[in-house]
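Asks: Handing you this structure, nothing more for now.
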Amino acid sequence: MAKKEEIIKIGDDMENFQLSKKHIRDIMTHLICVKLLFMYPRHLIENSGTGAWIQVFFMSLIVLIIYHITTFVYQKTGLYNILEISEKIGGKVLKISVSILVLISFILNVSATIRSYPEVVKMVLLPTTPIEIIFLAFGIAVVYAAFCGIAPLAKIHRIFLPLAAGIFLLFFIFLLPKLHTNNLFPLLGNGVNKIFINGLSSLDIYVDLLVLNILIPRCKKVSDVKNAGFFAIFISGLFATLICLLYTLAFPYPMSQNFLYPVYQMARLIKLGEFFQRMEAFFEFIWSLSILLYSAFYLKIICLVIAEAFDLKYDKPLLIPVFSIITYISFHLGDMRELLYNNGWIGLFLIFVSLFLPLILGGINIILKKRGNQFEINH
Amino acid sequence: MNPFSYFKKFVFFSQPETEIKFEIPQKEYHIIYDVRNEITPLIPKISKDIHKNITYIKKRFSVPENNDVVIRNIHLKDERRCFLIFYDGMVNTDAVNEGIIKTLQELPFLDKEFEENIEKIPSYIIEKFVSHAQAQLTEKLEDIIEEVNFGSCGLFVDGLDIGFILDVRSWEHRSIDRPQTEQSIYGPQEAFSEMLRTNSALVRKILKTEKLICEGVKIGKVSLTRGVLLYLEDVVNSALIKEVRYRINSISIDYCISSEEVAMLVEEKSFLPSNQILLTERPDRVARALTEGRVALILNGNPHALIFPTNICELIYSASDSYLRAPYANFTILIRLIAMGISVLLPAFYLAVTLFHQEMIPTFLLYAISASRENVPFPSVIELLLMDIAFEMIREAGIRMPNPIGSTLGIVGGLILGQAAVTAKIVSPIMIIVIALTGLGSFATADYSLSWTNRILRIFFIILASILGFYGVAIGIFIYAVTLANQNSFGIPFLSPFIKGQKMSKKTFFIPPIWKKEHKPEYLSPKKDKDQEKISMKWRKKKK
């Protein structure tokens, strides 16, 4: 029997997979953009009217500023995520408390998508199939993908994102003849107040940035995280602005408030000659892949957070119970997405946990660090 | 018999006991030497007493039961006795007669001077009298036995505790032929044969460098199948060669006689649909892989080489792609990709559209499909499975039949059966088109094992599409993509060119022009990164 020599892996080590800048960039861009495929543009239109695209642009700018401050803080803390920092500051108790807040935020966020997607599939693709069957298939795929781990999901993001971007570019080009500039007016929609003041509550589109924070220990450099985050916010902001602009241009204002799934509705407008009459089928396809990837990634992240919070050695046994809990919440608390939009407190909670809590904890950590250094110097 | 056993026999219709009952004994304890357990042999070293040697050899080779073993006694001029052992049919008889027996018989009288310096005799015999290219001395009996089993001739001389191994191997083998499964119009037309040294020489003929290492390996405790690990010492990542060597040396099995078995024994996941090691019969493909920093394994008696590691792109390329201009090669690759897509997804898409999403196809096409299915009694999924299974049966039968009958069978099966099925209104004409296109797509797949993968996947997608339509297909694609992304081949991700930083000049699914292939594949982390200079076509520079 041969003796095992010291083996240096030339490729990936699946267990200790480190995310590169490109991986983080793709994952974050995808996670933020997924929500735009559902009802999000409609809610923006409801709030700001024809000025929805300005609201998205404005929100992206605000998030970029918040993110810039956060990265400034985190450059000094190193490759630690919010859970590790909270443990440093307040020990186990604070770590578990912060973990619970993070988990609630993640579960609220993902259960909205998990609730919406099977319903969309039933409504659009499989009207005669029971939703239980649709959901079972969805659950099997998501749990299996999450079981495979972060590494394959990150790798698939690298392939999927350019593909999705290409298809949406085509989508945009094919939609051009259906756009009417008249629909864009009045330019400021429901007014400046609605766009810039009420619009702040819609910052929850960027709550997925919390995932980036959780992933920090799995990254190679802090600069990678910083650059990837900026890129993701910029691209998703651009995408969101573009989607809102297209939606505003494609449908007159009163009508655009009535469509449940704006992007799907726009896809239905596309017709290429006699043969290609139903291009939304391709759109459905990309949509399905996107949601599956999103849900699987979130499921894995939630399990990782639980494992980290309670010092569990393995996170895989948590997959099915966690998925069951998410399913239960999404189906028993009514329409989660509507709940998120109609209940302002939930939105504020999500914004606080995802955008401000990391900033606050990072800041406290730096202050304590400085005090600690000062204490050491004095003694 | 107790009532329960009686009831069990009655229910499960157990066969009646026959009078003649043959049972293989579970264990035999009279094996004098079991190579599996590496028991110390009875005579670890060669004895000076030739009788002891011959008795042991006869026992070990089961002479006279083993009737192709030849033990030839010879008397030297000084009446000293010696004997040869070899397998009839595995040695070159002329070499044995002329180069060994005749020489030994003519060996001059070994005088007293030699008797006093007996240790000089063996080397004296080899240097002065053995007119054969490869001859070596050994004190170990096991070495001689192993070499005899591999076609050499063993020689024992009375009074000497050293034996001789004389390489006189020569057995019937197939000559170098054209490739059978990797045919190409351009490029070399040679394929590996079953001879190990011929195969390694075919590669060495292409890569004329002393840095090409042919490292010997043996696989199988009993079969001791010989092989060579090929790699370019100055290119390959040393971790990769260590890992390949470790996995191969760690195979603990009695019999392993083919490259395919080795591939199954060293791959990481056995139940994945896609293979993780490339199998090729072309020396030029092996040579090209070695220059990229991969490792190859050739086994004796096998016309295929294994290439480690591999990725999805390598399975999609055909051997001829390297010899075609970039536009031609990329066009054929595109066609192959479409063909593969059709072979996996077309039946599933057809089912999804006809069963669930009729609104997605134009109305006049929908009418045509409905009209063609008007008198067919089966649902689309049954119809599809029937035809697919029939097609697979024709394919399997075609492989088993001799060549002329095989092609006839294909025509008979494909044309007549299909036509008859349509006329009998068992299947619709459009289904024949779907199955025919699927079959064509499957045949157009470059790698044979990948076409197997696609055939299995097709069934998987058919089932998903018949239950959940496009949604099921999307779920299937997602699960398959995650599985592929989770797959590694000897430390590199299976989807490597897409997911691991790849410089633009390197090939992914599509290949760049030859002058743009400046770097070796990054994911292999070779010792040498560059394949050519930035400007390889120096003539493009202005003349001074």
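Asks: Provide the FRET efficiency to the nearest 0.05 for the residue B:424-residue B:368 pair, computing r from the beta carbons and using R0 = 25 Å. Intermediate results must be reported in sequence, preceding the final value.
Replies: Details: r = 21 Å, r/R0 = 0.82.
Efficiency for this residue pair is about 0.75.
Asks: If I model a spin label at residue B:189 and residue B:510 as a point 7 Å from the Cα along the Cα→Cβ vector, what separation in nanometres do I get?
Replies: 3.2
Asks: Another one. For residue A:75 and residue B:338, what does the FRET efficiency come to when R0 = 45 Å and r is the distance between their Cβ atoms, rounded to the nearest 0.05? Kindly include the intermediate steps, with their values, before the conclusion.
Replies: Values: r = 48 Å, r/R0 = 1.08.
So the FRET efficiency works out to roughly 0.40.
Asks: Projected onto the charge dipole of the range B:178-224 (+1 at Lys/Arg Cβ, -1 at Asp/Glu Cβ, origin at the Cα centre), which of B:217, B:185, B:201 gives the Cα projection farthest towards the positive end?
Replies: Going by the charge dipole, the pick is B:217.
Asks: So for the pair residue B:437, residue B:401, with labels modelled 7 Å out along Cα→Cβ, what separation do we get in nm?
Replies: Simple spin-label model gives 2.7 nm for this pair.
Asks: If you take the C-alpha gyration tensor of the protein assembly as shown, multiply each eigenvalue by 5 and take the square root, what semi-axes do you get, largest first, in whole Å? It would help to have the intermediate numbers written out before the result.
Replies: Values: eigenvalues 845, 268, 167 Å².
The answer is 65, 37, 29 Å, longest axis first.
Asks: So what's Rg/Rh here for the range B:298-366, counting alpha carbon atoms and using the Kirkwood radius for Rh? Can you show the working numbers first?
Replies: On the way: Rg = 19.1 Å, Rh = 15.7 Å.
Radius of gyration over Kirkwood radius for the range B:298-366 works out to 1.22.
Asks: Would you mind working out the accessible area per residue for the protein assembly as shown, using a 1.4 Å probe, and quoting it in Å²?
Replies: Numbers: 44820 Å² over 923 residues.
Normalised by residue count, the accessible surface of the protein assembly as shown is 49 Å².
Asks: A further question on this structure: When all C-alpha to C-alpha distances in the range B:164-312 are sorted into bins of 10 Å, what percent of pairs does each bin hold, rounded to whole numbers?
Replies: 11, 41, 37, 10, 1
Asks: Using θ = phi - 60° and the Karplus form 6.51 cos²θ - 1.76 cosθ + 1.60, what ³J(HN,Hα) does each residue of the range B:152-164 get, whole Hz, x for Gly and Pro?
Replies: Values per residue, Gly and Pro as x: 7, 10, x, 10, 10, 10, 4, x, 10, 9, 10, x, 10 Hz.
Asks: What's the magnitude of the charge dipole for the protein assembly as shown around its Cα centre, counting Lys and Arg as +1 and Asp and Glu as -1 at the beta-carbon? Answer in Debye, nearest 20. Numbers along the way, then the final one.
Replies: On the way: 96 positive and 84 negative charges, 727 e Å.
Computed about the Cα centre, the dipole is about 3500 debye.
Asks: Relative to the longest principal axis of chain B, what angle (0 to 90°, nearest 10) does the C-alpha long axis of helix B:283-292 take?
Replies: 80
Asks: Rounded to the nearest whole Å³, what is the per residue volume of the convex hull around the Cα atoms of the range B:179-242?
Replies: Details: hull volume 8.2 nm³, N = 64.
Enclosed volume per residue, from the Cα hull, is 128 Å³.
Asks: For the pair residue B:536 and residue B:178, what calculated FRET efficiency results from E = 1/(1 + (r/R0)^6), where r is the Cβ-Cβ distance and R0 = 35 Å, to the nearest 0.05? Present the calculation step by step, with values, prior to reporting the outcome.
Replies: Details: r = 31 Å, r/R0 = 0.89.
That gives a FRET efficiency of 0.65.
Asks: Let me ask you something else. Give the span of the range A:101-195's Cα atoms along each principal axis, as three whole-Å numbers ordered largest to smallest.
Replies: Rounded to whole Å, the extents work out to 49, 36, 35 Å.
Asks: Also, quick follow-up: Return one number: the angle in degrees, 0 to 90 and rounded to the nearest 10, between the long axis of the Cα atoms of helix B:50-60 and the longest principal axis of the Cα atoms of chain B.
Replies: Helix B:50-60 sits at roughly 20 degrees to that axis.
Asks: Starting from 0.36 nm per residue, how many nanometres of slack lie between residue B:215 and residue B:271 once their C-alpha separation is accounted for?
Replies: Values: separation 56, 0.36 × 56 = 20.16 nm, distance 3.02 nm.
Contour length minus the Cα-Cα distance gives 17.1 nm.
Asks: Do any of A:35/A:221; B:242/B:527; A:22/B:534; A:22/A:88; A:21/A:316; B:218/B:520 go past 23 Å between their Cα atoms, and which?
Replies: Details: A:35/A:221 28 Å; B:242/B:527 14 Å; A:22/B:534 26 Å; A:22/A:88 29 Å; A:21/A:316 26 Å; B:218/B:520 30 Å.
Correct reply: A:35/A:221; A:22/B:534; A:22/A:88; A:21/A:316; B:218/B:520.
Asks: Continuing with the same structure: Pulled fully out, how much extra length does the chain show between residue B:65 and residue B:197, if you take 0.36 nm times their separation in residues and subtract their Cα-Cα distance?
Replies: Values: separation 132, 0.36 × 132 = 47.52 nm, distance 3.15 nm.
Length gained between residue B:65 and residue B:197: 44.4 nm.
Asks: Given a 10 angstrom Cα cut-off, can you work out which residue in A:101, A:31, A:368 is the most mobile in a GNM of chain A?
Replies: The residue with the greatest mean-square fluctuation here is A:368.
Asks: So what's chain B giving for Cα Rg divided by 2.2 N^0.38 Å, two decimals? Mind showing how you got there, number by number?
Replies: Values: Rg = 31.0 Å, N = 544, 2.2 N^0.38 = 24.1 Å.
Cα-based Rg divided by the globular estimate yields 1.29.
Asks: For chain B, find the longest principal axis of its Cα atoms and tell me its angle to the long axis of helix B:196-206, 0 to 90°, nearest 10.
Replies: It works out to around 70 degrees.
Asks: Carbon-plus-sulfur fraction of the accessible area of the range B:384-426, 1.4 Å probe, in percent? Walk me through the numbers before you get to the answer.
Replies: Numbers: 2130 of 2740 Å².
Answer for the range B:384-426 is 78 percent, counting heavy atoms of protein chains only.
Asks: How large is ³J(HN,Hα) for each residue in the range B:350-365, as worked out from phi by the Karplus curve 6.51 cos²θ - 1.76 cosθ + 1.60 (θ = phi - 60°), to whole Hz, x for Gly and Pro?
Replies: 4, 5, 4, 5, 6, 8, 10, 10, 4, 5, 7, 9, x, 4, 5, 6
Asks: Among B:328, A:34, A:329, whose Cα projects farthest towards the positive end of the dipole of the protein assembly as shown, with charges put on the beta-carbon of Lys, Arg (+1) and Asp, Glu (-1)?
Replies: A:34
Asks: Please list the equivalent ellipsoid semi-axes of the range A:23-168, computed as the square roots of five times the alpha-carbon gyration tensor eigenvalues, in descending order and whole angstrom. It would help to have the intermediate numbers written out before the result.
Replies: Working: eigenvalues 185, 110, 60 Å².
For the range A:23-168, the semi-axes come out at 30, 23, 17 Å.
Asks: Within the range B:249-324, what whole-number % of the accessible surface is contributed by carbon and sulfur, with the 1.4 Å probe and all protein chains included in the calculation?
Replies: Working: 1300 of 2280 Å².
Roughly 57 percent of what the probe reaches on the range B:249-324 is carbon or sulfur.
Asks: Among B:230, B:273, B:470, whose Cα sits farthest toward the positive end of the charge dipole of the protein assembly as shown (+1 at Cβ of Lys/Arg, -1 at Cβ of Asp/Glu, about the Cα centre)?
Replies: The residue sitting most towards the positive pole is B:470.
Asks: Evaluate Rg over Rh across chain A, taking Cα atoms for both radii and Kirkwood's formula for Rh.
Replies: 0.99
Asks: Could you state the principal axis extents of the C-alpha atoms in the range B:376-518, from the largest down, to the nearest angstrom?
Replies: 58, 42, 26
Asks: Pull out the extension gain between residue B:4 and residue B:49, defined as 0.36 nm times the separation in residues minus the alpha carbon to alpha carbon distance; nm, one decimal.
Replies: Values: separation 45, 0.36 × 45 = 16.20 nm, distance 6.53 nm.
Value of the extension gain: 9.7 nm.
Asks: Okay, next question. At 222 nm, what helix-only mean residue ellipticity would the protein assembly as shown give, in deg cm²/dmol to the nearest 500, using -39500 (n - 2.57) for each DSSP H run of four or more? Walk me through the numbers before you get to the answer.
Replies: Numbers: 34 runs with 487 residues, N = 923.
My calculation for the protein assembly as shown gives -17000 deg cm²/dmol from helical runs alone.
Asks: Still on this structure: Please give the total accessible area that chains B and A bury against each other, computed with a 1.4 Å probe and expressed in Å² to the nearest 100. Working shown, then result.
Replies: Values: alone 30530 and 18200 Å², together 44820 Å².
When B and A are taken together, about 3900 Å² of accessible area is lost.
Asks: Further, regarding this structure: Mind listing the phi-derived Karplus ³J(HN,Hα) values for the range B:90-99, rounded to whole Hz, using 6.51, -1.76 and 1.60 with θ = phi - 60°, and x for any glycine or proline?
Replies: Here the 3J(HN,Hα) series is 9, 10, 7, 4, 4, 5, 5, 5, 7, x Hz.
Asks: Let me ask something else. Between residue A:192 and residue A:324, with labels modelled 7 Å along Cα→Cβ, what's the label distance in nm to one decimal, could you check?
Replies: Label at residue A:192, label at residue A:324, 5.6 nm between them.
Asks: Let me ask something else about it. Once amide H atoms are placed 1.01 Å from N in the peptide plane, what residues at a sequence separation of 5 or more from residue B:91, or on another chain, have their amide H within under 5 Å of its amide H?
Replies: B:170
The values are calculated or read from the model by the stated rules, or taken from the named source; none is laboratory data. Everything numeric in this text was worked out from a predicted model, so none of it was measured. Virtual Cβ from ideal backbone geometry, glycine too; neighbours counted across all protein chains shown. The protein model used for the area step is the full one, side chains on, heavy atoms only, and it has no ligands, DNA or RNA in it. Shrake-Rupley method; radii C 1.70, N 1.55, O 1.52, S 1.80 Å.
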